[in-house]
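One structure is given here, and the rest of the page talks about it.
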Amino acid sequence: MVNHSALDSLVVSAAEMRAIEEYLFTQGMPVAALMEKAALAVAQRVLFWYPRFSYPTVGVLVGPGHNGGDGLVVARELALQQYQVKIYCPFERLKPLTQAHADYARCLGIPFVSNLEALRDCTFLIDAWFGFGLTRPFTGQIATEIDQLNTWPQPIVSIDIPSGLHTDSGAVLGMALRAQRSFCLGLWKRAYFQDAALAYLGQVERLDIGIPPQWIDAVLSPLPACQRFTSAMARRVFPQRPLVTHKYQQGHVLLICGSQRYAGGAILTALGARASGVGMVSVAVPQSLKPLLVGHCPEALVIACPETEQGAIASVPDLEAIWHQYQAVAIGPGLTTENPPLVEQVLAYPGPLILDADALNSLAGQGWLSRLQQRTLPTVLTPHLGELKRLFPHLENPQVDRLEAAQMAAQQSQALVLFKGARTIIAGPSGPTWIIAESTPALARGGSGDVLTGLMGGLLAQASPATYLETVALSAWWHAQAGILASQARSPMGVDALTLSQSLVSIAQQVLNQENF
């Protein structure tokens, strides 16, 4: 059941948001009342972020629908606070409630201007042209004016979602306004977590407009397919240690990784696993890398493997005989694609299995889906966009709607899919799709994915089967928070993978100390 504290985690589609609003109206809430609540919430935040002594003049872009009505109420409230307000509404026909607010604004003496150029001297602009639910690309005058507005220096504040973005996919519908700040009304919309939309959203806030949680329950049963993974969820899933325990009760993870060409991948994966707090870490590497691994991660058990002529792992000694020792296995970082049979062999592991990097590339195009579907315990796939396209070439435009692409990939493979990107998505064949809502471009650095794979392997080795999906999401959240923390100290350009692995420990300390993020 949804409560007020959980509202911030819900992410809805345009259809789901529309259904919630329709239910509110059938329960007796007047449309005008909802508009007033939403617009007053926006006005309060505008007053905070754009105070009149710094931003005395505001231009409001008013559309024909209820988003335009929201803008007119905001225009009225700002005018009452002594802002100089101008309204630009290039539409002849408005919805009745929006028309009523336009008439009232005229009665208050707020000027309506007939062309966009009249707003050029405003210190900031409010975008109330189109809210959620837009599906058709802009053409003609509106497209031309959006293009023009995007060249102006004034900050733009968008109500609900920047005009021109698809509410679900975040795709640009021909042309979209680039906002400095976007206020999402009621519940988070899917576009806010799509990579395609991030350059247009600016700083984002969700504004509570008083939707009773029980009414959300009544409409969204079960809950929305997508949810933000929050710090509160991280605390619930975070591994806890009893007072009396020993290392073999805290999980044992096997990492199969590295080659002479990519020796660092094995080291960074091991360091990520170490930061997870897992009881034991075993690392299978080419035998020539064993001294290197022991030097960087002396507590790990290093399995020296026979090598190919190119310095990759040829085989892991007695692999199937030692399966029972491990609670999770991760394979791929730095592996190279020289030995696909090794990856095929690892698919027989009877426990949680992470396939990353070259393990994914080794499987692509080899009829691997049926093998994954036969596994009884979870397989985790960790593709970036290019790898996802190779693994699932029949998916249409996975870059356009990343949430849908992750969900479809999970259903087709019966695996847990961690789809990497500026907003990482974690989807399973059933259950919620988790979104990592905060991250940093500092993670766009060689080796950061290796750290994530090791961290995830260590966490899965400590997790119960009931929490595998949430544990995968926890690893991505923890990894992102460590990147944010490191970038605050060293700048986004200064976060190398080793620094990232060290920052994981600081995030763990904050979580265990119940600190706020």
Just the Cα atoms of the chain, one point each, no solvent: what log10 I(q)/I(0) does Debye give at q = 0.06, 0.09, 0.12 Å⁻¹?
-0.34, -0.69, -1.05
5 Å is the cut-off here: which amide hydrogens, built 1.01 Å from N in the peptide plane, fall below it relative to residue 328, excluding neighbours closer than 5 in sequence?
252, 254
With 10 Å bins from 0: P(r) over segment 4-222, alpha-carbon pairs, percent:
8, 36, 38, 16, 2
Counting only GluC sites (Glu not before Pro) that are in a DSSP loop and have at most 12 other C-beta atoms within 10 Å, tell me the longest site-free stretch of the chain.
93-298
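If you count the DSSP beta bridges with both ends in the chain, what percent of them are antiparallel, to the nearest 5? Walk me through the intermediate numbers first.
Working: 9 of 59 bridges.
DSSP beta bridges in the chain are roughly 15 percent antiparallel.
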Sorted by chain and number, the residues with a modelled amide H under 5 Å from that of residue 433, at a separation of 5 or more or across chains, are 226, 227
Which chymotrypsin sites (Phe, Trp or Tyr not before Pro) in segment 227-272 pass both tests, a DSSP loop state and at most 11 other beta-carbon atoms within 10 Å?
none
The alpha-carbon center of segment 45-117 and that of segment 274-341 are separated, in whole Å, by 63
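For the chain, what is the mean residue ellipticity at 222 nm derived from helices alone (per DSSP H run of n ≥ 4: -39500 (n - 2.57); sum divided by total residues; nearest 500 deg cm²/dmol)? Numbers along the way, then the final one.
Values: 18 runs with 199 residues, N = 517.
Taken over the chain, the calculation gives -11500 deg cm²/dmol.
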Compute the distance from the alpha-carbon center of segment 7-38 to that of segment 377-452, in whole Å.
30
Just to be sure I understand: of the beta bridges DSSP finds with both ends in segment 4-222, what percent are antiparallel, rounded to 5?
5
Hey, can you grab everything whose amide H is under 5 Å from the amide H of residue 209? Only 5+ residues off in sequence or another chain; H modelled, so Pro and N-termini drop out.
186
Working from the pairwise distances between different alpha carbons, so that the mean of 1/r is found and then inverted, what is segment 458-508's Kirkwood radius in Å?
11.6
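Over segment 231-512, what number does the Rg to Rh ratio reach, with both radii from the alpha-carbon atoms and Rh per Kirkwood?
Working: Rg = 17.3 Å, Rh = 18.5 Å.
In segment 231-512, Rg relative to Rh is 0.93.
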So what is the relative contact order for the chain, in percent, with contacts set as C-alpha pairs under 8 Å and at least six apart?
13
Once phi is turned into ³J(HN,Hα) by the Karplus curve 6.51 cos²θ - 1.76 cosθ + 1.60 with θ = phi - 60°, what whole-Hz value does each residue of segment 476-488 show in order, with x for glycine and proline?
5, 5, 4, 4, 5, 5, 5, x, 5, 4, 5, 5, 5
Based solely on C-alpha atoms, express the radius of gyration and the Dmax of segment 109-219 in angstrom.
14.9, 47
Read phi for every residue in segment 67-79 and hand back ³J(HN,Hα) as whole Hz from Karplus 6.51 cos²θ - 1.76 cosθ + 1.60, θ = phi - 60°, with x for Gly and Pro.
4, x, x, 4, x, 5, 5, 4, 4, 4, 5, 5, 5
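Quick one: of the DSSP bridges fully inside segment 231-512, what percent are antiparallel, nearest 5?
Working: 6 of 28 bridges.
Once the DSSP bridges in segment 231-512 are tallied, antiparallel ones form about 20 percent.
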How large is ³J(HN,Hα), in whole Hz, for each residue of segment 203-213 in order, when computed from phi with the Karplus curve 6.51 cos²θ - 1.76 cosθ + 1.60 and θ = phi - 60°, using x for Gly and Pro?
6, 10, 9, 9, 9, 6, 10, x, 6, x, x
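Each value in this text was obtained by applying a stated rule to the coordinates, not by laboratory testing. The model shown is predicted, which means the values in this text are computed figures rather than measured ones. Every residue, glycine as well, gets a Cβ built from its backbone with ideal geometry; the counts of neighbours run over all protein chains shown.
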